[in-house]
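**Student:** Sending over a structure as structure tokens; questions will come in a sec.
Computed from the coordinates by the stated procedures, all read-outs in this text should not be read as laboratory data. Here the structure is a predicted model, which is why all the values come from computation and not from measurement. Counting neighbours? That spans all protein chains shown, and the Cβs are built from the backbone with ideal geometry, glycine included.
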């Protein structure tokens, strides 16, 4: 059986919340009795996920009271945009099947965990929002989002992004880079992505491709990563959504323990 192992040697594209959720999912379906190298890699996945989760929680507790009105407007703008896309799921007429399917694709690509990022510290949520807006442009999704959710709702998101950024003294890519370099959040996200890649790379090296059980065990162990990549990959209009999306995971829940080695 042919498997393309190359994607499993590359760090996944994650942000803080999706990275934590992905680590939780990988630990849940990890081999019960892994080899020593795989067990060691799993422990690294867990330790970096715990480190990142601790950082996210700590920053969430240091939200200045004076910025609450701006934060509330920021949160509301992103929630409203997401809700406008989600509303298409209630439109069951066959006449609107294509826009409904496109809205579902956009939700899977950009809001697979809702808008949980708005619970991050002000700087971190602003960076996340900036990155989402950049992805809208870079991945050619902006026109569809404006068409399906309403250009006014996108404009409101941009307005609230700018307002919060100005209050924080941040703006554009320079602000994103400044936050990433000083917060330590980006370094922790990168460390987790590298740990996940090391784990899946070691798993790949132990697969016996002529043994169906070995292949099945591997596919089960990497299924959350496959689902994550499918959900976050750029979607062209009319493309297909993943047939088996990963079950949503609350990134604030405790990180599962890593299994013991053989």
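**Student:** Relative to the present Cα-Cα distance, how much length would full extension add between residue 66 and residue 253 at 0.36 nm per residue of separation?
**Tutor:** 64.4 nm
**Student:** May I ask for the distance between the Cα centers of region 40-112 and region 120-147, given as a whole number of Å?
**Tutor:** 11
**Student:** If you don't mind, there's one more thing I want to ask. Just want the ordering: 111, 5, 96, from fewest to most Cβ atoms lying within 10 Å of their own Cβ. Intermediate values should be presented prior to the final figure.
**Tutor:** Numbers: 111 19, 5 16, 96 12.
Final ranking by Cβ density, sparse to dense: 96, 5, 111.
**Student:** Please find the FRET efficiency linking residue 201 to residue 143, where r is the Cβ-Cβ separation and R0 is fixed at 35 Å, and quote it to the nearest 0.05.
**Tutor:** 0.40
**Student:** Can I ask one more? Report, in degrees rounded to the nearest 10, the 0 to 90 angle that the Cα long axis of helix 68-86 makes with the longest principal axis of the chain.
**Tutor:** Relative to the chain, helix 68-86 is tipped by roughly 70 degrees.
**Student:** May I pose another question? Pick from 215, 115, 127: which is most flexible by mean-square fluctuation in a GNM of the chain where alpha carbon atoms under 10 Å apart are linked?
**Tutor:** Per the Cα network of the chain with a 10 Å cutoff, 215 tops the list.
**Student:** Between 187, 55, 97, where does the largest GNM mean-square fluctuation fall for the chain, given springs only between Cα atoms within less than 10 Å?
**Tutor:** Among 187, 55, 97, the largest mean-square fluctuation in the Gaussian network model of the chain belongs to 97.
**Student:** If you don't mind, there's one more thing I want to ask. Any chance you could give the angle, 0 to 90 degrees and rounded to 10, that helix 97-110 forms with the longest Cα principal axis of the chain?
**Tutor:** In the chain, helix 97-110 runs at an angle near 70 degrees to the longest axis.
**Student:** Right, here's the next one. Assuming 0.36 nm per residue, please report the length gained on full extension of the stretch residue 159 to residue 94 beyond their Cα-Cα distance.
**Tutor:** Stretched out fully, the residue 159 to residue 94 stretch lengthens by 19.9 nm.
**Student:** For region 57-168, compute Rh as the Kirkwood radius over C-alpha pairs and then the Stokes-Einstein diffusion coefficient at 10 °C and 1.306 mPa s; write the answer in µm²/s, rounded to an integer. Before the final figure, lay out each step's value.
**Tutor:** Numbers: Rh = 14.6 Å.
This corresponds to a translational diffusion coefficient of 109 µm²/s.
**Student:** May I ask you to give the average projected area over all directions of the convex hull of the Cα atoms of the chain, in nm² rounded to one decimal?
**Tutor:** Taking a quarter of the hull surface, the average projection is 14.9 nm².
**Student:** With each label point set 7 Å from Cα along the Cα-Cβ vector, what nm distance links residue 223 and residue 33?
**Tutor:** 2.2
**Student:** What does the helix-only formula give at 222 nm for the chain: each DSSP H stretch with n ≥ 4 adding -39500 (n - 2.57), the total divided by the residues, and the result rounded to the nearest 500 deg cm²/dmol?
**Tutor:** Value at 222 nm, helices only, nearest 500: -21500 deg cm²/dmol.
**Student:** Please quote Rg/Rh for region 1-121 to two decimal places, taking the Kirkwood radius as Rh and restricting both calculations to Cα atoms.
**Tutor:** Ratio of gyration radius to Kirkwood radius: 1.08.
**Student:** Can you work out the PRE-style zone for residue 79? Point 7 Å along Cα to Cβ, and I want the residues of region 124-162 with backbone N under 20 Å.
**Tutor:** So the set is 124-130, 132-133, 149-150, 152-162.
**Student:** Angle between the Cα long axis of helix 16-28 and the longest principal axis of the chain, 0 to 90 degrees, nearest 10?
**Tutor:** Tilt of helix 16-28: around 30 degrees.
**Student:** Give me 220, 44 sorted ascending by neighbouring Cβ count inside 10 Å, so fewest comes first.
**Tutor:** 220, 44
**Student:** May I pose another question? Exposure proxy check: 54, 119, 200 ranked by fewest other beta carbons within 10 Å? Walk me through the numbers on the way to the answer.
**Tutor:** Details: 54 12, 119 16, 200 26.
Least crowded to most crowded, the residues run 54, 119, 200.
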